[in-house]
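One structure is given below, encoded as structure tokens.
The values are calculated or read from the model by the stated rules, or taken from the named source; none is laboratory data. Just so you know, these numbers come straight off a predicted model, no measurement behind them. We place every Cβ from the backbone using ideal geometry, glycine too, and count neighbours over all the protein chains shown. In case anyone asks, the SASA skips ligands and DNA or RNA and just uses the protein heavy atoms, side chains included. Shrake-Rupley method; radii C 1.70, N 1.55, O 1.52, S 1.80 Å.
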Amino acid sequence: MNIFNLLFTAFIFSFILFHSNALNVTHDSRSIIIDGNHRIILSGSIHYPRSTAQMWPDLIRKAKEGGLDAVETYVFWNAHEPTRRQYDFSGNLDLIRFLKTIQDQGLYAILRIGPYTCAEWNYGGFPVWLHNMPGVSLRTKNDVFMNEMKNFTTLIVDMVENEYGNVMEPYGDEGKSYINWCAQMADSLDIGVPWIMCQQAAPPKPMLETCNGWYCDEYKPKDPNTPKLWTENWTGWFKSWGGADPFRTAEDLAYSVARFFQKGGTLQNYYMYHGGTNFGRTSGGPYITTTYDYNAPLDEYGNLNQPKWGHLKQLHDVLHSIEYILTNGDVKNEKLGNLVMATIYETKEKSSCFLSNTNTKIDANVNFGGINYFVPAWSISILPDCREEAYNTAKVSAQTSLMIKKLNKAEDEPSSLKWMWRPELIESTSVQGRGDVSVNKIVDQKDMANDASDYLWYMTSINVAKDDPMLNGTVTLRVNDTGHVLHAFFNGEYIGSQWSKYGNNNVTYVFERNVNLSLGKNLISLLSVTVGFKNYGPMFDLVGAGITSPIELVLNKNVVKDLSSNKWTYKVGLNGISNKFFDTDCASKSSSKWVSDPIPVDKNFTWYKTTFKAPLGNKPVVVDLLGLGKGMAWVNGHSLGRYWPSYIADKQLCKTETCDYRGRYSDSKCVSKCGEPTQRWYHVPRSFLKDSENTLVLFEEFGGNPSGVQFQTVEIGSVCINTHEGKEVELSCQDRPISKIKFASFGSPQGVCGSFDKSEFDSEVDALSILEKECLGKESCSFKITEEKFGRPSCEVKKLAVEVVCEDFTL
């Protein structure tokens, strides 16, 4: 079984993969034991469906270079079995290829099969057809659910569910019985590696429990023989439509990791190490954005997110250097006062120490072992020999990379794209009320659409007689919606739209518009649009989607006619999506229906199409959709996901104070870009592009203007350091030369990367000239920060700030 370097499986569980078939994987209370070697494990989550197979080797190589031992990934049931007993393991769903890519880099893998995953993935990874099976009840002791779960788990090579413990209580005794069954089923598969249950306190034997969160240093397994495992250290946070950009500082993330291992941690996994992109309709929530960048060490496109990646790499190197002492040494703590603690790990041969300052405001100067140390607030120093500080979580010496977006410089690429368009044909539904099925009730969108589309039409008609008082009074159409998007038509005329606002997307809202009834037949056509199904919480699978009862006509605000039990006709999807307007083969066969002039703007339910050449080079590609409303985008038939640049991030979410790494992190801390589009740029993987002509197709739901759409590349614009004397530092433009030293000063320079300024205390030595001689024209340069090199400043704390510009080959 153990052919892909598997370490753990997770079911709620995970298993770990290893380098060869013959490895023996066990554990004690302090370590993972691999062929008799006691190990700590540093891991990072990379979800293979959120990138492309062509990206995997580079992502995993960077994970290894960043000091990781393992890669953790989810297996999304609804991606692999979108229709019952019809499986898909092609393209970016090729699980085996992904595991082989991990193995090729000599890393282990932690495989989390779910089958529930959460992960801000649509419906938590459950296929909606499962929800619609007769007699089913999800995540509890239910034969229909357990049979389907066992089938999928066995198919994927032995895995099951994730994060059940923190929602198990509402399921009662049946939930406990289900968990016991999960454990027995997983163990019966006899895969030869440990199983873990994430966030499951005191799981059934032989499962191992784990912790998830921003901090897990205080976590203690209920079983004293279980090692301290941290399956999700949240490197940032996910983003919702209407939300701000999350940001977790490198200093705080490093602090959480160092603190975990200071207090006996065994395995730590970054969630996420690379977040990636929610292609297609995979984002959950509801209202999770298409980008799943997560402020991870590798950004959405696979670039190094500096300084986070580099600062963590340095930490990993130090932790690996003391791995034997951490897993075999005796441990003792020594209080040094003012919330400063020394932790000493000691074997007969050697000792290693941690100095932690958990104060959120006050730096500490302490004497330990006869040596003075400066330990900033909310930081940890690691002393591999208990004498010399090799690393401090608050002292960042890794470079900061400022990423920029550059216009497409492809040969012969016009300055603006040439567009064609065609309308989405809605007459059959909005005017004629024709659909696929009719019932005398309002049906939940999950039940009716079966997740085949975001779009579902609800249509009904009412007959108004001459003596009906509603014929001449003020009549309001009142519709209850479960918190997604609603477009309403009355007698073929568009009467308005409504959608949930940020933070309220799980709350039913009421849509109201005045309508003019006609004598005889009147048609109500409602287009409900989901933006990802709920993916978390107890009984989350039962949370409704789409329109809900009652739907009413209200006369003069007091006479109500309930239409909920009317004959309602339903139609799943839209004409253009059903007929694959986005598919280049299908589109070419019907090109005569695309019109090139004039191009309508601010017109809802409109399809746009253009062609473009791929940007030159190999840098990641994005498309700027500023000016558009909401819809979906495709390149060469590949779905880029939902777009919604008109949704502006709530201005109230951002605080005026400077982001401070000190103190506990939360998803509301250090957010940015309030008052800006929630997501303006959308990832176009290079593997989606052709060397020849490429096609972009947009379905614009709200109405917008495509004239500003641009393809751009994402690359390093400039690189900075701002760190203390004595550090060995590197400035790297990666595969491009350093073209300019924009700023350099040693002493007490002020500001941040991109806006440094000298202070009156800085050295008089011309640091800029020194670095021009050493660094210009090189892709990278390294040096040590010393007074001998940069002169003596007139300040006690000495730092060097540098900003260099990376050459632009496209000019």
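Structural remarks
- Structure-based [θ]222 nm, the chain - -39500 (n - 2.57) summed over DSSP H runs of at least 4, per residue, nearest 500: -4000 deg cm²/dmol
- Neighbour-limited loop hits for GluC sites (Glu not before Pro), the range 280-382 (at most 15 other Cβ within 10 Å; DSSP other than H, G, I, E, B): GLU349
- Spin-label pair GLU676/CYS659, simplified geometry with 7 Å Cα→Cβ offset, distance in nm: 1.1 nm
- Gyration tensor (alpha-carbon) shape descriptor, the range 680-799, a/c threshold 1.5: prolate
- Cα gyration tensor, the range 198-244 - rounded (a/c under 1.5), prolate or oblate: prolate
- Cα centroid separation - the range 68-103 against the range 697-737, whole Å: 29 Å
- Highest average packing first - 63-74, 455-466, 200-211, Cβ atoms within 10 Å: 63-74, 200-211, 455-466
- The modelled label-to-label distance for the pair GLU334/GLU764, using points 7 Å beyond Cα in the direction of Cβ, is 4.4 nm.
- Cut-off 9 Å between beta-carbons: net charge of the residues surrounding VAL805, Lys and Arg +1, Asp and Glu -1: -1
- For the cross-link pairs LYS239/LYS409; LYS405/LYS673; LYS406/LYS740; LYS758/LYS789; LYS619/LYS690; LYS395/LYS799, the ones whose C-alpha atoms lie over 20 Å apart are LYS239/LYS409.
- A simple count of charges around ASN604, restricted to other residues whose Cβ falls under 10 Å of its Cβ and scoring Lys, Arg +1 and Asp, Glu -1, yields -2.
- Probe 1.4 Å, protein heavy atoms only - accessible area per residue of the chain in square angstrom: 39 Å²
- Dipole magnitude of the chain about its Cα centre (Cβ charges: Lys, Arg +1; Asp, Glu -1), debye to nearest 20: 1200 debye
- Placing R0 at 22 angstrom, the Cβ-Cβ distance between VAL559 and TYR494 gives a FRET efficiency of 0.30 after rounding to 0.05.
- Globularity ratio of the chain, using Cα Rg and 2.2 N^0.38 Å: 1.03
- Label point distance in nm, LYS222-LYS580, each placed 7 Å from Cα along Cα→Cβ: 5.1 nm
- Secondary structure note: in the chain, about 85% of the DSSP beta bridges are antiparallel.
- Prolate/oblate/rounded label for the range 634-745 (Cα gyration tensor, a/c 1.5): oblate
- Around ILE648: net Lys/Arg minus Asp/Glu count, Cβ-Cβ under 15 Å: +3
- Carbon plus sulfur fraction of accessible area for the chain, probe 1.4 Å, in percent: 48 percent
- Contour excess over end-to-end distance, with Cα ends at ASP317 and LYS742 and 0.36 nm allotted per residue: 149.9 nm
- The spacing between the range 465-488 and the range 552-623, judged by their C-alpha centroids, is 25 Å.
- Extension gain, ASN450-ASN516: 0.36 nm per intervening residue step, less the Cα-Cα distance, totals 20.4 nm.
- If R0 is taken as 30 Å, the Cβ-Cβ distance between THR611 and ASP808 corresponds to a FRET efficiency of 0.70.
- Computed E for VAL601/LYS409 - FRET, C-beta separation, R0 35 angstrom, nearest 0.05: 0.85
- The order of the peptides 497-504, 353-360 by mean Cβ neighbours within 10 Å, most packed first, is 353-360, 497-504.
- q = 0.28 Å⁻¹: log10 I(q)/I(0) that the Debye formula gives for the range 325-394, counting C-alpha atoms only: -1.30
- Fully extending the segment from GLN54 to ASP735 would add 243.2 nm, taking 0.36 nm per residue of separation and subtracting the current Cα-Cα distance.
- Spatially, the range 284-327 and the range 745-770 are offset by 30 Å when compared through their Cα centroids.
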